[in-house]
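A short reminder: the numbers here are calculations on the coordinates, not readings from a lab. All values reported here derive from a predicted model rather than from experimental measurement. Cβ: placed from backbone, ideal geometry, glycine included. Neighbour counts: every protein chain shown.
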Amino acid sequence: MLEAMTGPRPESVLVPRHRWRFPERLKLAPELREAGRRQGLGVFASAVLARRGVTTPEQLAAFLAPPVAGLNDPRRLPDADLVLARIDRARTAGERVMVFGDFDADGLTGLSILVLALRRLGIDARPYVPSRLEEGHGLSVAAVETAASEGIPLIVTVDTGSSSVAEVAAATGRGIEVLITDHHHVPDVAPAAAALVNPHRVDARYPDLGLSGAGVAFTVARLLLGELLAAESEALELADLATIGTVSDVAPVLGENRSIVRLGLERLRAAPRPGIAALLARAGVTPDRVDLETVGFVLAPRLNAAGRMGEAMDAARLLLATTETEAVELAAILEAANTSRRDLMRRTLADARLALGLTGPGHAPGQEELFSQDEVAATPGVVAAPASGLAHLVHGPWPVGIVGLVAGRLADETGLPAIVGADLGDTVRASCRGDGRLHLAETLDRCEDLLDRHGGHAAAAGFELPKARWDAFVERFLVLAETSRQADPRPPLPVDLALPAAWVDYQLYRDIARLAPFGAGNPEPLVAVLGLTVGRVREATGGHAQVVLRRDPDVLDGIAFGRADLATTLHEGDRVDIVARLVSRVFGGLETLQLEVRDVAPSGSHPRAAEVLAALAERASQRPVAVTA
Ligand SMILES: [Mn+2]
């Protein structure tokens with residue numbers, strides 16, 4: 001109140017940092033509510049699942065069932081019979097088999113899965129990882145030549161090959177058969193391979209389209225070991241590798257992928273294979289604490305770094321390592337690749353920031369400072385679009401393997417879409433990253449006449465164009481970015497549940513925990529906790545804020561990481577709504593609920609929050625069941 005009387009003090013006014021996006025209204029079907037109740041799952045968690053596509057009692061039961069129940073019959077893969085027959089023949093004939101995997105983490109883990117499965121069948125499997133710089137994506141002619149010179153009559157691809165028409169023809173010309181396993185788009189003219197195992201084939205009847213390349217390889221391993229050895233359960237032990245591929249490819253953690261990552265996490269935690277154990281040890285992570293975030297931020301980047309730095313074969317060897325000694329040695333090589341990848345990224349980012357006129361220490365919120373200003377010197381050949389306030393566009397003489405990472409950092413740091421290109425002679429190959437507010441792939445579609453090729457998603461895309469068309473592209477891109485600019489520039493914050501504060505309890509935390517593991521397609525739910533009263537607020541060390549939130553009759557503890565500002569903008573007695581992640585804190589043997597605060601708004605300032613609070617006030621006498629916004 002004192003503030004109101006002494007006039008506005010902008011720094012102490014509470015304004016939410018995000019545009020809260022409440023979930024679409026949903027009336028939970030009675031049978032779904034009942035199905036949840038039978039499983040001991042509360043109505044709010046069931047509603048979250050329903051919004052994520054779990055809309056029938058059968059799907060809900062499958063979601064909560066033991067993971068093996070969610071795996072599909074591998075015999076439903078297209079060309080399953082052809083693969084089985086050909087591998088069986090290789091086994092009886094004692095043929096060597098080359099397993100060709102893409103050089104990213106999905107390809108590398110998928111390759112390891114098939115190599116291990118073939119070895120289990122007694123087949124001499126030879127891993128082959130192409131060089132990112134010299135061979136690029138797809139089955140390579142160099143691999144075909146290697147197979148020919150080594151007298152290998154059969155190549156199995158992983159995570160790639162669906163577009164390799166010429167290379168498969170080259171193999172056939174040399175008397176080598178190719179079995180393709182892949183999850184990428186199948187073009188109208190598919191390669192004439194001996195088998196094309198890809199759930200995305202138009203004639204495929206496989207029930208799940210979410211598998212990654214490693215997920216397809218895992219399913220093929222289940223097929224081979226199950227049918228040829230009656231030992232499918234042994235194939236399940238490869239789920240840890242499939243999990244890394246799934247997470248690295250940002251495949252949705254729903255459906256069959258949810259089963260795969262649950263099996264994989266069990267294995268990663270309980271008995272990580274030597275290579276994974278060595279990587280975790282290097283990163284200082286104890287196996288029993290591994291979750292999908294660890295997989296995404298510790299394991300996958302180290303494997304990808306190897307591919308970017310030309311050490312992908314070492315990454316494959318690491319995954320296949322059978323002894324700790326070998327694994328520790330290879331993990332050191334990968335760590336070195338990861339470090340040089342990071343140095344290269346820092347230098348490239350420094351170059352790009354200088355050219356773009358971005359000043360100050362280069363770091364995204366919450367991340368370490370990347371370089372000091374004296375490291376920065378202009379690199380010749382860097383071309384940046386002038387400041388527009390709409391996007392950052394720059395290209396230069398940088399390695400192709402690094403520009404995506406740099407664009408990601410620039411986008412995180414500035415909150416604007418970033419396009420970073422690597423010069424390849426007269427061509428620029430560029431990566432685009434953003435927060436999805438400007439749909440990057442659709443924006444590129446509208447520049448199609450200027451581009452040689454392009455593709456991607458809302459928040460990540462890529463393209464290639466002749467250097468001579470760069471300026472025209474920049475001009476077009478900025479016009480498109482301007483027209484689609486949002487009236488409200490704040491980043492959106494998706495809210496999964498909006499509940500009066502009194503309804504947020506430990507049981508809700510437990511229900512939400514049952515929806516784990518969280519990842520792409522199934523993010524950890526955020527709850528808008530409505531109608532709290534601010535008690536004590538204090539700034540905590542490390543730029544955080546701690547707040548005690550009163551509700552009737554008890555209090556909730558809140559912690560707001562990186563939001564020291566709240567110590568100034570929140571005042572005792574303020575009525576607030578909070579978007580938070582629910583966490584459990586164990587203190588003195590007692591488990592209590594804590595709110596990990598993402599954003600705060602004056603209570604009822606969002607119309608949907610006001611609606612929930614009004615409905616509550618109206619029905620204050622009994623506890624209604626479905627007033628969730
Ligand atoms: Mn893939």
Anisotropy class of the stretch 562-617 from Cα gyration tensor, a/c 1.5 cut: oblate
Distance in nm between pseudo-label sites at L424 and R575 (7 Å out along the Cβ direction from Cα): 6.0
The chain: calculated mean residue ellipticity at 222 nm from DSSP helix runs of at least 4, using -39500 (n - 2.57): -11500 deg cm²/dmol
Ranked by how many other beta carbons lie within 10 Å on average, peptides 329-341, 442-454, 412-424 from highest: 412-424, 329-341, 442-454
Local electrostatic count at R17 - Lys and Arg +1, Asp and Glu -1, tallied over other residues with Cβ under 10 Å: +2
Euclidean distance of C-alpha centroids, the stretch 270-301 and the stretch 582-622, integer Å: 35
Relative contact order, percent, the stretch 74-271 [alpha-carbon distance under 8 Å, six or more residues apart]: 24
Computed over the chain: relative contact order in percent, which uses C-alpha pairs under 8 Å that are six or more apart: 12
Cα centroid separation, the stretch 14-37 to the stretch 384-428 (Å): 37
Rg over Rh, two decimals, the stretch 74-271 (C-alpha only, Kirkwood Rh): 0.94
Cα gyration tensor shape of the stretch 380-483, rounded if a/c is under 1.5, else prolate or oblate by comparing a/b with b/c: rounded
Tensor-based shape of the stretch 181-234 (alpha-carbon gyration tensor, a/c under 1.5 rounded, otherwise prolate or oblate): prolate
Segments 394-400, 157-163, 559-565 sorted - mean Cβ within 10 Å per residue, highest first: 157-163, 394-400, 559-565
Efficiency of FRET between E145 and A614 - r from beta-carbon atoms, R0 60 angstrom, step 0.05: 0.25
Contour minus Cα-Cα distance for K467 and T339 (0.36 nm per residue): 43.0 nm
11 Å beta-carbon shell around C447, net charge (K/R +1, D/E -1): -2
Pairwise centroid distance, computed over Cα atoms, of the stretch 343-357 with the stretch 168-193, Å: 40
Label point distance in nm, R38-A231, each placed 7 Å from Cα along Cα→Cβ: 3.8
Estimated inter-spin distance, V548 and R269, nm [label 7 Å along Cα→Cβ]: 3.4
Relative compactness, the stretch 204-336, computed as alpha-carbon Rg over 2.2 N^0.38 Å: 1.03
Value of Rg/Rh across the chain [Cα atoms, Kirkwood radius]: 0.99
FRET E, pair R75, A192, Förster distance 22 Å, beta-carbon r, rounded to 0.05: 0.40
